[in-house]
Amino acid sequence: MNVSSTSYNYPNRMGRIILMSLEEIIGRSGVSAVLNRVDLKDYIGNYPAHNQDLDFPFKHVSRILSGLETLYGPHGGRGIALRSGRSCFQYGLREFGPLFGLTDITFRLLPLQTKLKVGGSSFAEVFNRYSDQRVEVDIDSKHIYWRITRCPMCWERQTDTPACDLAVGVLQEALYWVSGGKFFHLEETQCIGRGDETCTIVIDRNPLS
Ligand SMILES: [Zn+2]
C-alpha cells in the first residue's frame, strides 16, 4: 500500500488486531463490505502483517470507522466499534501485555486502585512507544482521564458528537479485565473530531455496584 512517510501510523499488528476484532463482530463478509465501501480493498483477504512496522495509517483507521457508520447507521456503526474495541483489548493483551508486566502475577495481585494507576500508565505506554498515537493519563480522587492527544480513531474526521468508540471499548474491556470482572462508568467527553483539543475518556475510579 502506498503510504506517505510523513503520515501517522499504527504498527501493522495493531491494524491487524482491529480488522480481526471487527471480523468477530460482523464476520469476514461484513469486514470486506466495509473495506470495499471506504476504498481500502487492498486489505480484503490481505490483513496487515503480524509485525511492528509502522505502516497502518491513522487515516485508514478513521476511514474504516466512518465506513461502519455509513453501512450500519451512526448508532449501529458505533455500537460495532465499541464491541470491536473490547475484542481488540483481548488480542492486544496477548500481544503487548507481557511486555509491560500487565500479565505478571505480581501485578494481578495488587489492590484495585493501585492496579488502575499502574496499569493505566503502562497501557498508555503501549501506544506511546509502539505507535504514533499519543496518550496522557491523569488521575484525581474520583476519575481517571485518558487523554488521546493524537488520535487515529477520528483522524481527519468532522463529527457532531464524540466518535472514538473503539477506544472506549478497548478501555471498557481493560477495566473489566484489570478488576476481575467489574464494570465501570466511562464516557468520551471530548473529541478532536468534534473540534475539541483532545479525545478525552473520563473513567469513574470506582466500579458500578
Ligand atoms: Zn479521537
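On the given criteria, is Arg94 touching a Ser or Thr at 6+ places or on another chain (Cβ under 9 Å), in a helix (DSSP H, G or I), modelled with pLDDT under 95 and not hydrophobic (A, V, I, L, M, F, W, C)? The answer is yes for Arg94.
A residue that is within 17 Å of Phe58 (Cα to Cα), in a helix (DSSP H, G or I), without any contact (Cβ under 8 Å) to a residue 40 or more places away in the chain and more than 12 Å from the ligand (Cβ to nearest atom) can be found somewhere in segment 128-145. The condition of being among the small types (Gly, Ala, Ser) and over 20 Å from Cys191 (Cβ atoms) holds for only one of Gly79, Gly101, that being Gly101. Summed over segment 110-124, the residues that are within 17 Å of Leu93 (Cα to Cα) and part of a loop (DSSP other than H, G, I, E, B) give a count of 0. In segment 36-52, the qualifying residues are those that are in a loop (DSSP other than H, G, I, E, B) and more than 10 Å from Met14 (Cα to Cα), and the one that is modelled with the lowest pLDDT is Gly45. Report yes if Lys117 is touching a strand residue (DSSP E or B) at 6+ places or on another chain (Cβ under 8 Å), surrounded by fewer than 18 Cβ atoms within 10 Å (Cβ to Cβ) and not small (Gly, Ala, Ser), otherwise no. When the stated conditions are applied, Lys117 passes them.
Considering Ser21, Ser62, the condition of being under 19 Å from Val126 (Cβ atoms), within 14 Å of the chain's Cα centre (by Cα) and crowded, with 16+ Cβ neighbours inside 10 Å is satisfied by Ser21 alone. Note on segment 150-209: residues that are over 22 Å from Phe56 (Cα atoms), in contact with a Gly (Cβ under 6 Å, 6 or more places away or on another chain) and more than 12 Å from the ligand (Cβ to nearest atom) amount to 1. Being within 15 Å of the chain's Cα centre (by Cα), among the aliphatic types (A, V, I, L, M) and under 24 Å from Leu40 (Cβ atoms) is a description that applies to Leu82.
Inspect all residues belonging to segment 109-126 and state whether any of them is hydrophobic (A, V, I, L, M, F, W, C), within 26 Å of Tyr10 (Cβ to Cβ), within 14 Å of the ligand (Cβ to nearest atom) and under 14 Å from the mean Cα position of the chain (by Cα). Scanning segment 109-126, I find no residue that is hydrophobic (A, V, I, L, M, F, W, C), within 26 Å of Tyr10 (Cβ to Cβ), within 14 Å of the ligand (Cβ to nearest atom) and under 14 Å from the mean Cα position of the chain (by Cα), so the answer is no.
The values are calculated or read from the model by the stated rules, or taken from the named source; none is laboratory data. Here the structure is a predicted model, which means the values were calculated and not measured. Note: ideal-geometry Cβ built from the backbone for every residue, glycine included; neighbour counts use all protein chains shown.
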